[in-house]
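Report on the following structure.
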Amino acid sequence: MAFYRTDGVMNVDAIEKNLRSEITKAKKILIKVGTSVITQKNRTAALGRISYIVEQIVELRERDKQIILVTSGAVGLGSKVVLDRPVSLHEGPPQSKDLQKRASAAIGQARLMALYDLLFTHKNVSVSQILLKHKDLREPNINRLSETCNFLLELGVVPILNENDVTNFDEKDNDGRVDPLEKPILTDNDALACHLASHICVDLVVLLTDVDGVFTAPPSTPGAKVIPLIDSSIGTTATTTGSVSGLGRGGMEAKISAAGKALNLHRVPMIIIANGFDQSSIVRIARGESVGTLIVKLDGVCKINNNNNYSNNNNHSNINNNNNNN
């Protein structure tokens with residue numbers, strides 16, 4: 001399949017350059033950080049990478065940007081404690097993998113938030129923690145969540161969100177039927193980030209992973225190149241997806257699928273998949289540099305008007321932040 005097109009109007013480079021220039025006007029940005037970025041291979045925290053991400057977020061805030069952070073990594077960080085538990089705990093009936101995952105999430109989430117709080121506090125920035133269950137992503141709860149996130153941003157607080165892997169499960173009644181409010185509607189934090197972004201009117205979503213973007217072939221293949229621009233109106237199924245982290249649930253397919261759904265709802269103007277190992281990828285993206293893979297809907301992509309409501313635009317994306325005076 002084709003990943004991008006020119007429609008006979010502009011070449012791809014010209015379209016991307018124009019779209020990237022629009023990104024510099026983005027005021028409200030949602031950043032999602034994957035488990036592979038947050039953790040080392042030995043399941044410990046990647047302190048250096050987390051620090052660089054925090055520093056970049058602080059820099060963007062100093063430019064009057066509002067930042068929402070969706071973070072993975074809790075299960076990955078906590079799993080080291082669970083797997084390294086004393087031998088005595090191995091006695092008796094074996095714990096289910098689901099129970100181990102829930103325990104890992106409980107341990108890891110505390111460690112993850114402690115790190116974020118320490119690093120942001122060092123920069124005089126306050127953070128908040130929001131753990132989400134499936135029902136929180138449905139109306140009317142999603143409206144309350146959006147309202148809370150926007151109010152936190154007005155207060156100058158960085159909302160940090162993650163799925164609640166401790167209590168997020170399919171609750172069943174006495175007849176074995178699944179509570180429809182607890183039935184999963186999202187499979188990973190990539191979908192969560194894009195779903196949330198579509199409800200809180202963000203100007204840009206950045207999905208950070210462990211590769212430079214979407215490639216023309218598996219990244220390890222000789223000659224593989226990053227695709228700079230994807231038109232979601234053609235389709236968002238990549239022929240090459242790279243790998244999935246051993247600790248996370250997502251992967252490139254999940255990111256592209258989540259991006260396509262959000263863009264096709266005409267609620268998110270632009271989504272970028274980029275490398276979270278790069279110490280400056282976030283600020284470079286905000287400056288309009290060609291970093292990662294930019295995904296847009298060229299057939300009627302979203303435009304942001306003065307009221308932060310979305311409407312269709314038959315050309316390329318246009319971000320009009322006339323209310324960006326704060």
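Odds and ends about this structure:
- Residue match in the range 282-291 (condition: at pLDDT 95 or above, closer than 20 Å to VAL12 by Cβ, among the small types (Gly, Ala, Ser) and surrounded by fewer than 24 Cβ atoms within 10 Å (Cβ to Cβ)): yes
- Residue satisfying condition, being under 17 Å from LEU118 (Cα atoms) and polar (S, T, N, Q), within set SER51, SER79, SER72: SER51
- Any hit, the range 128-141, residues being at pLDDT 95 or above, surrounded by fewer than 19 Cβ atoms within 10 Å (Cβ to Cβ) and in contact with an Asp or Glu (Cβ under 8 Å, 6 or more places away or on another chain): yes
- Subset of the range 144-173 that is of a type outside the set (A, V, I, L, M) and open to solvent by 80 Å² or more (accessible area, probe 1.4 Å) - its residue that is modelled with the lowest pLDDT: LYS172
- Restricted to the range 33-58, and to residues there that are out of contact with any strand residue (DSSP E or B) (no Cβ under 8 Å at 6 or more places or on another chain) and among the small types (Gly, Ala, Ser), the residue that is nearest to VAL125 (Cα to Cα) is SER51.
- Identity of the residue in the range 4-28, of a type in the set (Ser, Thr, Tyr) and either more than 26 Å from GLU55 (Cα to Cα) or touching a strand residue (DSSP E or B) at 6+ places or on another chain (Cβ under 8 Å) (or both), that ends up modelled with the highest pLDDT: TYR4
- Taking the range 210-233 as the range and being within 17 Å of PHE277 (Cα to Cα) and either without any contact (Cβ under 8 Å) to a residue 40 or more places away in the chain or open to solvent by 10 Å² or more (accessible area, probe 1.4 Å) (or both) as the test, the residues that pass are ASP210, VAL211, ASP212, PHE215, PRO219, SER220, VAL226.
- Enumeration of residues in the range 259-277 that are open to solvent by 10 Å² or more (accessible area, probe 1.4 Å) and part of a helix (DSSP H, G or I): LYS261, ASN264
- Every residue from the range 127-170 that is farther than 14 Å from MET113 by Cβ and among the hydroxyl-bearing types (Ser, Thr, Tyr): SER146, THR148, THR167
- Segments classed as helices (runs of 4 or more DSSP H), wholly inside the range 23-126, with at least 2 members that are open to solvent by 40 Å² or more (accessible area, probe 1.4 Å): 47-62, 74-83, 97-122
- Of residues in the range 29-53 being touching a helix residue (DSSP H, G or I) at 6+ places or on another chain (Cβ under 7 Å) and among the charged types (D, E, K, R), the one modelled with the lowest pLDDT: ARG43
The values are calculated or read from the model by the stated rules, or taken from the named source; none is laboratory data. Everything numeric here is computed off the predicted structure, so don't read it as measured data. Cβ atoms come from the backbone with ideal geometry, glycine included; neighbour counts cover every protein chain shown. With ligands, DNA and RNA removed, areas are computed over all heavy atoms of the protein, side chains included. Shrake-Rupley method; radii C 1.70, N 1.55, O 1.52, S 1.80 Å.
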